[in-house]
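The values are calculated or read from the model by the stated rules, or taken from the named source; none is laboratory data. Just so it is clear, the model here is predicted, and its values are computed rather than measured. Counting neighbours? That spans all protein chains shown, and the Cβs are built from the backbone with ideal geometry, glycine included. Heads up: the accessible areas ignore ligands, DNA and RNA and are worked out on the full protein's heavy atoms, side chains in. Shrake-Rupley method; radii C 1.70, N 1.55, O 1.52, S 1.80 Å.
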Amino acid sequence: MPTGRIGPGDPRYRAVVDKRFNKRFQARPDYVRLAESADDVVAAVQEAVAEGKRLVVTSGGHCLEGFVSDPAARVILDVSAMKRVAFDPARRAVAVEAGATVGETFRALHENWGVVVPLGEYPGIGMGGHVAGGAFGFLCRQLGLAADYLHAVEVVTVDAGGRASAVVATREASDPNRDLWWAHTGGGGGNFGVVTRYWFRSPEAFGDDPSRLLPRAPEFVDTFRTEWRWSDLDQGSFLQLLRNHGGWSERHSGPDSPETSLWTLLALPRRQAGAIVLRGVSTAGAAARRQADDYVSALADGVAAPPKAMERARMGWLEFALDPLPDLFGGPPGGVSVKVKDALLKKRFTDAQLAVAHDYLTRSDHDVMGGMLGLATYGGRINAVASDATASAQRGAIFDIACNVGWVDAVEEERSLAWVRAFYRDLFAESGGVPVPGAAYAGTFINHPDTDLADPAWNMSGVPWATLYYQENHPRLQRVKARWDPRNVFRHALSIRAE
């Protein structure tokens, strides 16, 4: 049985309620439950359904919106104690429970079998909601999405009669529950039930040796970092740098590109931060140094100001995966409030969009210190999979971009939100303020949710938010929802609605 009701007077209640990356939101549930097994989850869900209490689930606590930290939620179920990672000989796959973090999963995969799944960048993210949204990270260009390796999933669902039970769904064509597996390859967390366990195996893998059922982990990772000082860049140089960046991504984001071993992040903070920073991660081995040099040269071509001399490092894969790019993931004590507005692009930004970016990053009438535009390379092997093979429809993108803003003091919230919302709207002004899927854009990514997309004040495209996230896969996801959550027990501000 799950741990008994933990109320507001118990220190464990505060530990769960306050376990959130985005301090912008605050939950006030009647109680929390701590689960250690799938049976615990079934019991907790059944109890909440019987009492008519809305239940939400947390593992790592990294939801960017208030889906878990929702004042309307009356019960929070914490599955973070469910951390077991083991080879399942019956399914010939590696089983990972939903409470394990990305870092814990990387460690177990590497130390036990020398393999890897291309999970996200930050090691503290919980697996529960991460994989269900598709999941991409440093190795995505080389290996694809984590969801591309999902062989099976265990989900606690609630039927039309209100009965909770644990269901296992696999990708096997003969599995009558296969639609539930498919929905968890990019349909997002909190939509269909409570994930308790995933099984991973490469689609083409066979046999009983776990060291051969998933990609081998890279032996080494080479990283590099350089920057351009804002004070050295006029608008023309800024535009040229970004043109070069976009052009490289257009040329090298196909599934067969020889550069899929390179992942980069170009971080463009507001001018007062001092510098535009480029970070790179390569698994090219002996060719990594040449690869980094060629990449930086391509970006710097025609830019009047040269970049700073590169900082380089080489380390073992696990050492890197457990503490990647520490200057990127650090934060102030007590956390920060954030708003992240994501988009996936099929083509580089136009010069008009780059001028918008320059304006918002340099103008003084929106004096927001924590604002940034980030551009992460994407594509590669991700783009080798058909858009309907998994629920992750975005299979033609060249990079993932995000307009971000963060603040510590609540008095900064209003102007910070105004800046980031206006920035994003103006970047996509020609398509109604959002990246409507088409020739130039691949929509948005559900693991980076943005409730503004459901608000006609910010989404003026006439295209529903669900189309931005799921494209042509949305109707199928609605049918899965109708079958597996007919009572709409599992819901949030951007959850799938049945047909």
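Quick notes on this structure:
- Of all residue pairs spaced 6 or more apart or on separate chains, those with beta-carbon atoms under 6 Å, a first member in segment 459-472 that is in contact (Cβ under 8 Å) with a residue 24 or more places away in the chain and β-branched (Val, Ile, Thr) and a second member that is buried (at least 18 other Cβ atoms within 10 Å of the Cβ) and part of a loop (DSSP other than H, G, I, E, B) are Val463/Val436.
- Unmet requirement for Lys481, which otherwise passes all of (1) touching a Phe, Trp or Tyr at 6+ places or on another chain (Cβ under 6 Å); (2) under 16 Å from Gly190 (Cβ atoms): (1)
- Of everything in segment 379-390 that is among the hydrophobic types (A, V, I, L, M, F, W, C) and not in a loop (DSSP other than H, G, I, E, B), the residue that is most open to solvent (accessible area, probe 1.4 Å) is Ala384.
- Condition check for Pro475 on (1) open to solvent by 40 Å² or more (accessible area, probe 1.4 Å); (2) more than 19 Å from Ala352 (Cα to Cα); (3) touching a residue at least 60 places away in the same chain (Cβ under 8 Å): one failure, at (3).
- Only one of the numbered conditions (1) within 25 Å of Gly61 (Cα to Cα); (2) open to solvent by less than 10 Å² (accessible area, probe 1.4 Å) is violated by Tyr424, and that is (1).
- Criterion: open to solvent by less than 10 Å² (accessible area, probe 1.4 Å) and of a type outside the set (Lys, Arg) - qualifying residue of Ala108, Ala50, Ala98: Ala98
- Of all residues making up segment 194-209, the number that are open to solvent by 10 Å² or more (accessible area, probe 1.4 Å) and in contact with an Asp or Glu (Cβ under 9 Å, 6 or more places away or on another chain): 3
- Listed by position, the strands (runs of 3 or more DSSP E) contained in segment 52-116 that have at least 2 residues being free of Cβ contacts under 8 Å to residues at least 60 places away in the same chain are 85-88.
- Check on Ala393, open to solvent by 30 Å² or more (accessible area, probe 1.4 Å), of a type outside the set (Ser, Thr, Tyr) and on the phi < 0 side of the Ramachandran plot: no
- The set of residues in segment 50-106 that are β-branched (Val, Ile, Thr) and under 22 Å from the mean Cα position of the chain (by Cα) comprises Val56, Val57, Thr58, Val68, Ile76, Val79, Val85, Val94, Val96, Thr101, Val102, Thr105.
- Residue check, Gly128 in contact (Cβ under 8 Å) with a residue 12 or more places away in the chain and buried (at least 24 other Cβ atoms within 10 Å of the Cβ): yes
- Residue within segment 155-173 that is open to solvent by less than 30 Å² (accessible area, probe 1.4 Å) and among the acidic types (Asp, Glu) present: no
- Residue within segment 69-85 that is buried (at least 24 other Cβ atoms within 10 Å of the Cβ) and modelled with pLDDT under 95 present: yes
- Residue in segment 256-268 that is out of contact with any strand residue (DSSP E or B) (no Cβ under 8 Å at 6 or more places or on another chain) and farther than 25 Å from Gly316 by Cβ present: yes
Yes/no per residue for (1) at pLDDT 95 or above; (2) farther than 24 Å from His245 by Cα:
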position	(1), (2)
Leu375	yes, no
Glu412	no, yes
Tyr424	yes, no
Phe428	yes, no
Val434	yes, no
Thr467	yes, yes
Tyr470	yes, yes
Pro475	yes, yes
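- Tally of residues being within 16 Å of Leu55 (Cα to Cα), surrounded by 17 or more Cβ atoms within 10 Å (Cβ to Cβ) and modelled with pLDDT of 90 or more across segment 1-24: 4
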